[in-house]
Amino acid sequence: LHELGRTGRPDMLSTAFATIAAALVDRALLAKAGSRAWLGIGLALGGGFLSKGPVVLLVPVALVCLPRAGTTLGARWRRTRLDLALGLGLLLAAAWIVPAGLHGGWGYVKRLVLDQVGDRVRGESNHKEAVWHYLVAAPTGWLPWSPVLLGTAVAACTARGRALLGSASH
């Protein structure tokens, strides 16, 4: 976000789709969403798959897997229907990948998807650093946002702060 926020790149699209999916997952977990919330989650995951790949799953799946009082993992999974949402997301991605493979050949899809991910993990290609570089770079990128993050965390610990943030006072 801090590096690419000013440009319309796949990273930002993926972040937007992951945020939408996470918000819909959270609404479903809080029982504030209808039984068809999985449709919105699946559409958001599909858009994220197409923009950046499986990394879009990290936050929505973490929300489901995160322990919550009074519920089990199975109940959270059923409430969000993450299996259906994931299937819809993969179907949307396949709706692009399969025709691209049929038209450009499967070697094209392999180079575009698999080889590019491998290059990025190794720190080659258009990403000059390996994936572990972000463990060092992220804290300096987060530093300008630290007052907002810290303030939000502190505010969430008080009833008045939760009311200000618009959340329920649990």
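The values are calculated or read from the model by the stated rules, or taken from the named source; none is laboratory data. Predicted model, so just to flag it, every value in this text is computed and none were measured. We place every Cβ from the backbone using ideal geometry, glycine too, and count neighbours over all the protein chains shown. Ligands, DNA and RNA are stripped out before the accessible areas are found, and what is left, the full protein with its side chains, is counted by its heavy atoms. Shrake-Rupley method; radii C 1.70, N 1.55, O 1.52, S 1.80 Å.
Can you name the residue in the stretch 87-141 that is among the charged types (D, E, K, R) and in a helix (DSSP H, G or I) and is also modelled with the highest pLDDT among such residues? Before the answer, list the steps.
Looking only at the stretch 87-141, we keep the residues that are among the charged types (D, E, K, R), and these are 110-111, 115, 119-120, 122, 124, 128-129.
Remaining after also requiring in a helix (DSSP H, G or I): 110-111, 115, 119-120, 122.
On the way: 110: 82, 111: 79, 115: 78, 119: 71, 120: 64, 122: 67.
Checked the stretch 87-141; the qualifying residue modelled with the highest pLDDT is 110.
Quick check: anything in the stretch 13-24 open to solvent by 80 Å² or more (accessible area, probe 1.4 Å), among the hydrophobic types (A, V, I, L, M, F, W, C), assigned to a helix (DSSP H, G or I) and farther than 30 Å from residue 146 by Cα?
No - not one qualifying residue is present in the stretch 13-24.
Considering each residue of the stretch 35-56, count those that are under 21 Å from residue 100 (Cβ atoms) and of a type in the set (D, E, K, R), and give that number.
Final tally of qualifying residues: 1.
Applying the selection to the stretch 36-59, what residues are within 13 Å of residue 79 (Cβ to Cβ) and either open to solvent by less than 50 Å² (accessible area, probe 1.4 Å) or free of Cβ contacts under 8 Å to residues at least 24 places away in the same chain (or both)?
Residues of the stretch 36-59 that are within 13 Å of residue 79 (Cβ to Cβ), as a first pass: 36-38, 41.
Passing the criteria: 36, 37, 41.
Among (1) modelled with pLDDT under 90; (2) in contact with a Leu (Cβ under 6 Å, 6 or more places away or on another chain), where does residue 13 come up short?
(2)
Out of the stretch 45-62, which residues are more than 9 Å from the chain's Cα centre (by Cα) and not in a loop (DSSP other than H, G, I, E, B)?
46, 47, 49, 50, 51, 62
State whether one or more residues within the stretch 71-82 are on the phi > 0 side of the Ramachandran plot and at pLDDT below 75.
Scanning the stretch 71-82, I find no residue that is on the phi > 0 side of the Ramachandran plot and at pLDDT below 75, so the answer is no.
In the stretch 85-106, how many are over 23 Å from residue 57 (Cα atoms) and either of a type outside the set (Gly, Ala, Ser) or open to solvent by 40 Å² or more (accessible area, probe 1.4 Å) (or both)?
Counting residues in the stretch 85-106 that are over 23 Å from residue 57 (Cα atoms) and either of a type outside the set (Gly, Ala, Ser) or open to solvent by 40 Å² or more (accessible area, probe 1.4 Å) (or both) gives 5.
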